[in-house]
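Written out below as C-alpha cells is the structure these notes cover.
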Amino acid sequence: MSPGTGVFLHGAHAYVAAATVRLAAGDPEGAEELVAPVMGADWLDAAAASVLVAARCRTARGDRDAAAGLASRALRAADEAGLPAVAWQARAILAQIAGAGEAANENLAAARRIVDSLAASIPDDAIRKGYAEATRRRLEGTVR
C-alpha cells in the first residue's frame, strides 16, 4: 500500500488498464478518477503510466492546457525512470495538442525515434514487424 493513498502499488497497472477501458467507453471523467490516486505514487513507472492516462482523459475532454501539462509531466517521469513506451506516447499527445508546426513535428519525430528503437530491440522478425506496424499506426492515429 502506498502511504497516505491506500493504493495497492503492485496492482497500479490494473488501475491504468481499468481507466483505459473507461476512457475507451467514453467516460474520461471516470477514467481520470481511477488513476488519480496513483498519479502521485513514488513508483515512477506506475505514476507515469497514470499521468499519461490522465493526459488522454484531458485531451478527450478538450482541456488542451491540462493535457499538455500532464503529458509533459509523464514525459519527465519517463525520461527520469527510463520508460520509453510512456515517453513516445507522451510525445504523441504533445504533438497532437500542438497540431501543426515545429513543436508538433519535433514531438512526432522524437516519438518515431523511440518507437523505432523499441522495435529494433525485438529479436524475432515477425514480432518486431508486427509491433512496429501497430505502434506506428497508433502513433500516426494520434496526430491528425
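A short reminder: the numbers here are calculations on the coordinates, not readings from a lab. This is a predicted model, so every value here is computed, not measured. A quick note on method: Cβ atoms are made from the backbone with ideal geometry, for glycine too, and the neighbour counts reach across all protein chains shown.
Tabulated values for the structure
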read-out	value
Alpha-carbon gyration tensor eigenvalues x 5, square-rooted, for the stretch 103-144, Å	21, 12, 4
Ordering of 65-71, 45-51 by burial proxy (mean other Cβ atoms within 10 Å per residue, highest first)	45-51, 65-71
Dipole-positive endmost among Ala14, Ala48, Gly141 within the chain (Cβ charges, Cα centre)	Gly141
Within the chain, helix-based [θ] at 222 nm, where runs of 4 or more DSSP H residues each add -39,500 (n - 2.57), nearest 500	-24500 deg cm²/dmol
Pairwise Cα inverse-distance average, inverted: Kirkwood Rh of the chain (Å)	15.4
Computed over the chain: relative contact order in percent, which uses C-alpha pairs under 8 Å that are six or more apart	15
Residue among Ala74, Ala55, Ala103 with the largest mean-square fluctuation in a Gaussian network model of the chain, springs linking Cα atoms under 10 Å	Ala103
Computed label-point distance, nm, for sites Ala25 and Asp116 using a 7 Å Cα→Cβ extension	4.0
Environment charge of Glu33, counting only residues whose C-beta is closer than 11 Å and scoring Lys/Arg +1, Asp/Glu -1	-2
